[in-house]
Amino acid sequence: MAQEIVSNHTKNILGLKLPTDPRWVNLAEISIEEILTDHAYCEQKAALTCISYIQRYPEKELMVEELAPIVTEEWGHFRAVLAELKKRGLPLGKQRRDEYVNKLLDFQRKGGHIDDRFLDQMLTMALVEARSCERFKRLSEGMNDTYLRRFYRKFMESEAGHYTLFINLAEHYMPKDMVRKRWQEWLKYEADIINNLEIRGDRVH
């Protein structure tokens, strides 16, 4: 099922508007220490963000129930990447500024009704997970190292389920047509970010 979602993600409402430049995979492969470090922190931040939403919206019972296991899963991913770094004799390294995520946060509605803020938070997470899924798919298909291709395929399959979860949560609490209209606005905005960001092999995003 995850593979079907990934293969169709450019054809349906969840589809990213702009694919990753193929050159990114080659740059990532020669910067494996940096990409693993950045990946580890991405997984850590995903877990912490889900925790923050549970704390912020405890009254949203379905969201709490759905995000609780995601916290465990994302932290498990962090530990898996950490173990991969250790196996290679590499340090975790320092966390770097995530320009991609910061630009997404700029698009979130900060004022207005709490429901509008909640919607944008769910769609931000959906986009981060969708782009991560797309990047991991490229790594799983384009890297020369067979082991790393398998390593990243596991992450790809996991992220495919995650980004649909955040869309579904948004649609559970908000009118579906409102969610889909705003999602299209997010997709267009995200494509502009990708189009203007420098292609760097030391970043997941």
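The values are calculated or read from the model by the stated rules, or taken from the named source; none is laboratory data. Note that the structure is predicted; figures quoted are calculated from it, not measured. Counting neighbours? That spans all protein chains shown, and the Cβs are built from the backbone with ideal geometry, glycine included.
The table that follows gives values for the structure above.
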| item | result |
| --- | --- |
| Test result for SER158, of a type in the set (Ser, Thr, Tyr) and surrounded by 22 or more Cβ atoms within 10 Å (Cβ to Cβ) | no |
| Hits in the stretch 31-74 - residues which are within 14 Å of the chain's Cα centre (by Cα), under 16 Å from LYS154 (Cα atoms) and among the hydrophobic types (A, V, I, L, M, F, W, C) | ALA40, CYS42, ILE70 |
| Any pair with Cβ under 8 angstrom, 6 or more apart, that starts in the stretch 54-83 at a residue that is under 16 Å from THR164 (Cβ atoms) and ends at one that is modelled with pLDDT of 95 or more and outside any helix (DSSP H, G or I) | MET63/TYR57 |
| Looking only at the stretch 1-29, and only at residues there that are β-branched (Val, Ile, Thr) and modelled with pLDDT of 90 or more, the one that is nearest to the chain's Cα centre (by Cα) | THR20 |
| Evaluation of TYR152 against (1) farther than 17 Å from THR20 by Cβ; (2) without any contact (Cβ under 8 Å) to a residue 24 or more places away in the chain (one fails), failing number | (1) |
| The listed residue being among the acidic types (Asp, Glu), modelled with pLDDT under 95 and assigned to a helix (DSSP H, G or I), out of GLU185, GLU198, GLU141 | GLU141 |
| Members of the stretch 48-85 that are outside any helix (DSSP H, G or I), charged (D, E, K, R) and buried (at least 16 other Cβ atoms within 10 Å of the Cβ) | LYS60 |
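Conditions tested, residue by residue: (1) out of contact with any Lys or Arg (no Cβ under 8 Å at 6 or more places or on another chain); (2) at positive phi.
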{"site": "PHE78", "(1), (2)": "yes, no"}
{"site": "LEU82", "(1), (2)": "yes, no"}
{"site": "GLY93", "(1), (2)": "yes, yes"}
{"site": "PHE107", "(1), (2)": "yes, no"}
{"site": "ASP120", "(1), (2)": "no, no"}
{"site": "ARG131", "(1), (2)": "yes, no"}
{"site": "ARG138", "(1), (2)": "yes, no"}
{"site": "MET156", "(1), (2)": "no, no"}
{"site": "HIS172", "(1), (2)": "yes, no"}
